[in-house]
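Below: the structure, in structure tokens.
The values are calculated or read from the model by the stated rules, or taken from the named source; none is laboratory data. Since the model is a prediction, treat every value here as computed from it, not as a measurement. Here the Cβ positions follow ideal geometry from the backbone for every residue, glycine too, while neighbour counts run over all protein chains shown.
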Amino acid sequence: MMWYYNGKEYNPVELDPKKVYGFVYIITNLETHKKYIGKKLFFFKGFKSVNKKRKRILKDSDWREYYGSSNALQKDIDTLGKDSFCREILHICGSKSECSYLEMYEQITRQAIILDEYYNDQIRVRVTRVQLTKYRKQLL
């Protein structure tokens, strides 16, 4: 099952970590129309040994196969199968802070932890003004 962005399948040939860092998404159960809002990073930080020295690297995350972190959502996916769900990217983000802010924004504006039509059961975020200064014009 693919990710969709702006109504089209999203499958970038190459991701540049200097331009994109992650995304905010919504997964919809096509049978019950229950939804889940979350964020996923395109890359994980890791280390690689080069000439007996540790070098910091970015590795691709599991974003292509990812289906959210909600236990209730995972239970429904196991029961109904992946074909019963639609995965849509709402925002492509340039930093982890931007992802966190936009995930929180979508969860709050859609009332994801209040309404029963969402799998979300908590909102956890830590973002500072300084981290978002670069993105302020885009976010307002």
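Please indicate, with yes or no, whether at least one residue in segment 37-48 is at positive phi and not β-branched (Val, Ile, Thr). No, every residue in segment 37-48 fails to be at positive phi and not β-branched (Val, Ile, Thr).
Taken together, the residues in segment 40-94 that are of a type in the set (D, E, K, R) and not in a strand (DSSP E or B) amount to 9. When you scan segment 65-82, do you find a residue that is modelled with pLDDT under 95 and among the aliphatic types (A, V, I, L, M), even just one? Within segment 65-82, not a single residue is modelled with pLDDT under 95 and among the aliphatic types (A, V, I, L, M). The residues in segment 2-26 that are among the aliphatic types (A, V, I, L, M), under 21 Å from Ile77 (Cβ atoms) and surrounded by 14 or more Cβ atoms within 10 Å (Cβ to Cβ) can be counted, and the count is 2. Of the residues screened, Tyr101 is not one that is more than 21 Å from Leu41 (Cα to Cα), buried (at least 17 other Cβ atoms within 10 Å of the Cβ) and not aliphatic (A, V, I, L, M). Checked against (1) in contact (Cβ under 8 Å) with a residue 24 or more places away in the chain; (2) part of a loop (DSSP other than H, G, I, E, B); (3) within 14 Å of Gly22 (Cβ to Cβ); (4) within 15 Å of the chain's Cα centre (by Cα), Ser100 passes all but condition (2). So, Asp78, is that one in contact with a Ser or Thr (Cβ under 8 Å, 6 or more places away or on another chain), exposed (fewer than 14 other Cβ atoms within 10 Å of the Cβ) and farther than 20 Å from Tyr5 by Cβ or not? Considered against the rule, which asks whether it is in contact with a Ser or Thr (Cβ under 8 Å, 6 or more places away or on another chain), exposed (fewer than 14 other Cβ atoms within 10 Å of the Cβ) and farther than 20 Å from Tyr5 by Cβ, Asp78 comes out as no.
Within segment 27-55, the set of residues being of a type in the set (Gly, Ala, Ser) and either in contact with a helix residue (DSSP H, G or I) (Cβ under 6 Å, 6 or more places away or on another chain) or crowded, with 18+ Cβ neighbours inside 10 Å (or both) comprises Gly38 only.
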